[in-house]
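Just below is one structure, and these are the notes that go with it.
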Amino acid sequence: MDAIGELMIVQSLIQEDPALPAVVDGRLARNLAQLKRITTDLQRNAMALRTVPIRQAFRKVERVVRDMSRKLDKPIELTLSGEDTELDRKVVEEITDPLMHMVRNSVDHGIEPASVRQACGKRAQATVSLSAYHESGQIVIEISDDGAGLDTERIRGKAIERGLLAPHATATPEEIHALIFAPGFSTADAVTEISGRGVGMDVVRRNIEALRGRVEIRTERGRGTTFAIKLPLTLAVVDGLLVAVGRERYVLPTTVVRESIRPAPSQIHTVQGQPRMLQVRDTLVPLVSLGNLFGIDAIENPADATVVVIEVDGSRLGLVVDDLLTKQEVVIKTLGETFSTVRGIAGGAILHDGRVGLILDAHGIVELMRGAHAA
């Protein structure tokens, strides 16, 4: 796949070469078009070979649930859906261990003993569900249980005890729940073969983020918990919108782009204590300047720039950029350890003109904007 990626880059460099129109004739144009078709077919076939059903990861989880059910004396029914959902082979390989750890965590911490469940009016047999499906250009893998749900106050207490949270800090339930991914965090009272070793969930999140994914938590006390892992469909190629910010070039995945606007001054609103807002028809959309976000000398006034409206998990955000350049398919390149923890950046790409561009992580940008505003 790497070799095909390089072929795609070279083919694009040839087609975008500014000297080409001066030498091209009908025959050469036909040959270049044929080269593009062949390259596209090769890339499509290679991608098909890279994709496999997630079934093999689900089967390993089945064994984990069966073994833990017997070891902990907790009757559990495992339900699976979306086993034939296909994704990048590397993703399946890399996500299997995090999946197994999260299921162990659900069975050990989330599922109550049968006697406790019955006392609460539940079935003695608990249910753990594993599902996979496609959504908005990504794959979603959900691990759900009908157990006790996350104990927000217990997590808060442990976080204060470990110095992760100030005693009088105000934090939303969602922010408190996210602390279970902190390094070494555990609510277990004793170390056992399964729990309390203080390793695991932080590694789970780190592994998922290494795949350009993220984990979300939905929980209700007494009803259960769902962990939703959201991952890109492929680690190799992305359809992107190329934008200019100062002298830099960035690629926005087209799956998150909703529209682009050259706003009039009357559409820009300032609300005290809030970021600048853009009026898009009957809706106000928060604005964030990519130049300010990444410390680049770029156009600051949205009325003099272009705004790209993106949508992440139902929330819209307007990205202020200098200009829109083009749409193009880019081959994703990893950036190494230096950039692996940089929020808002998903990877790098060789652009059609041979320059290097950074691929933006829309979810990371939303989180950066929220953090900057909260501060």
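Checked across segment 79-88, the condition of being part of a helix (DSSP H, G or I), in contact (Cβ under 8 Å) with a residue 40 or more places away in the chain, buried (at least 18 other Cβ atoms within 10 Å of the Cβ) and among the polar types (S, T, N, Q) holds for no residue. How many of the residues in segment 197-246 are in a loop (DSSP other than H, G, I, E, B), at pLDDT 90 or above and among the basic types (Lys, Arg)? So the count comes out to 2. Checked against the criteria, Ser106 counts as touching a residue at least 60 places away in the same chain (Cβ under 8 Å) and of a type in the set (Ser, Thr, Tyr). Residues in segment 255-266 that are closer than 27 Å to Ala346 by Cα and either part of a loop (DSSP other than H, G, I, E, B) or modelled with pLDDT of 90 or more (or both): Val257, Arg258, Glu259, Ser260, Ile261, Arg262. State whether the residues of segment 317-326 include one that is at pLDDT below 90, under 22 Å from Glu367 (Cβ atoms) and surrounded by 12 or more Cβ atoms within 10 Å (Cβ to Cβ). Among the residues of segment 317-326, not one is at pLDDT below 90, under 22 Å from Glu367 (Cβ atoms) and surrounded by 12 or more Cβ atoms within 10 Å (Cβ to Cβ), which makes the answer no. Inclusion of Val342 among residues that are aliphatic (A, V, I, L, M), at pLDDT below 90, under 18 Å from the mean Cα position of the chain (by Cα) and surrounded by fewer than 17 Cβ atoms within 10 Å (Cβ to Cβ) is warranted. Taking strands (runs of 3 or more DSSP E) as the structural unit, those lying wholly within segment 267-332 and holding at least 3 residues that are β-branched (Val, Ile, Thr) correspond to 283-289, 306-312. Within segment 56-76, being of a type outside the set (A, V, I, L, M, F, W, C) and either in a helix (DSSP H, G or I) or more than 26 Å from Ser186 (Cα to Cα) (or both) holds for Gln56, Arg59, Lys60, Glu62, Arg63, Arg66, Asp67, Ser69, Arg70, Lys71. Scanning segment 125-137 for residues that are at pLDDT below 95 and either farther than 19 Å from Ala228 by Cβ or buried (at least 20 other Cβ atoms within 10 Å of the Cβ) (or both) yields a single hit, Ala132.
The values are calculated or read from the model by the stated rules, or taken from the named source; none is laboratory data. It should be emphasised that the depicted structure is a prediction, and the values quoted were computed from it without experimental measurement. Heads up, the Cβs are rebuilt from the backbone with ideal geometry, glycines too, and the neighbour counts pull from every protein chain shown.
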